[in-house]
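Just so it is clear, none of the values below were taken in a lab; they were calculated from the coordinates. Since we're looking at a predicted model, the values are computed, not measured. Because the Cβ atoms are built from the backbone with ideal geometry, glycine has one as well, and the counts that use them run over all protein chains shown.
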Amino acid sequence: MRKVYRGKDIEVSFDLDLCIHVAECLRGLPGAFDLNRRPWVLPDMAAADEVAEVVRLCPSGALLYRRLDGEPQEEHEGSTTVTPMRNGPLLVEGKVEVRREDGSIELLPRATLCRCGESQHKPFCDNQHIKVGFRAPGIPYRLHLSPVRPRLDQPISKAEDPRRN
């Protein structure tokens with residue numbers, strides 16, 4: 001379920017069910033994305049263009065933005081691409097149409113899809129590949145330790161995610 005954080009020029013939405021805890025947001029704009037604050041997202045703490053740029057770095061589509069200032073909305077131009085991440089999910093960029101169990105449809109510009117078969121949130125990755133030791137070729141993807149990913153060797157549960165508080 002998406003939670004919306006509205007600023008003057010841009011709003012950011014976040015869906016914890018899609019997050020794979022890469023923490024590009026926390027590293028990219030710590031003033032706008034701060035786990036020690038409630039709400040943890042304050043879009044007005046940075047320029048709308050900077051917020052949009054950092055949101056586009058989120059590989060999972062957990063973070064999306066909507067411009068309120070008349071600037072272009074988030075879209076992916078060109079064809080849809082699928083890239084396997086080494087020992088991890090498929091990174092999908094393009095127009096990703098997601099049909100949820102309740103029948104609702106969401107169009108995402110990015111998604112990380114499970115390829116280990118163990119996700120409890122299929123078709124999306126929930127980092128179970130770490131727990132089961134999934135190994136497969138793909139592009140290397142640098143993961144950083146952060147408050148949302150305190151250990152690289154195991155997934156965290158939604159209950160452990162500091163954004164839930």
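In table form, for the structure just shown:
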read-out: Long-range amide H partners of residue 10 with built H, under 5 Å; value: 68
read-out: Charge dipole magnitude, Cβ of K and R +1, D and E -1 - the range 52-131, Cα centre, debye nearest 20; value: 360 debye
read-out: Protection-proxy order for peptides 131-137, 51-57, each taking the mean of Cβ atoms within 10 Å per residue, highest first; value: 51-57, 131-137
read-out: Listed pairs 95/131; 122/158; 95/122 exceeding 21 Å between Cα atoms; value: 95/131
read-out: Over the range 1-70, relative contact order from alpha-carbon pairs under 8 Å, at least 6 apart, %; value: 42 percent
read-out: Estimated vicinal HN-Hα couplings, Hz - the range 10-18 in sequence order (Karplus 6.51, -1.76, 1.60; Gly, Pro = x); value: 8, 10, 10, 10, 9, 10, 4, 4, 9
read-out: Where Rh is the Kirkwood radius over Cα pairs, Rg/Rh for the range 1-153; value: 0.96
read-out: Where only C-alpha atoms are counted, convex hull volume of the range 9-80 per residue in Å³; value: 89 Å³
read-out: Net +/- balance of residues flanking residue 10 in space, Cβ distance below 9 Å, scoring K and R +1, D and E -1; value: -2
read-out: In Hz, Karplus ³J(HN,Hα) per residue of the range 103-110 (6.51, -1.76, 1.60; θ = phi - 60°; x = Gly, Pro); value: x, 6, 10, 10, 9, 10, x, 8
read-out: The range 1-30: trypsin sites (Lys or Arg not before Pro) in DSSP loop, at most 10 other beta carbons within 10 Å; value: 8
read-out: Hz values of 3J(HN,Hα) by residue in the range 34-48 - Karplus curve (6.51, -1.76, 1.60), Gly and Pro given as x; value: 9, 5, 8, 10, 10, x, 6, 10, 10, x, 7, 7, 8, 5, 4
read-out: Options 73, 51, 155, ranked by Cα towards positive dipole end of the chain, top entry (Cβ charges); value: 155
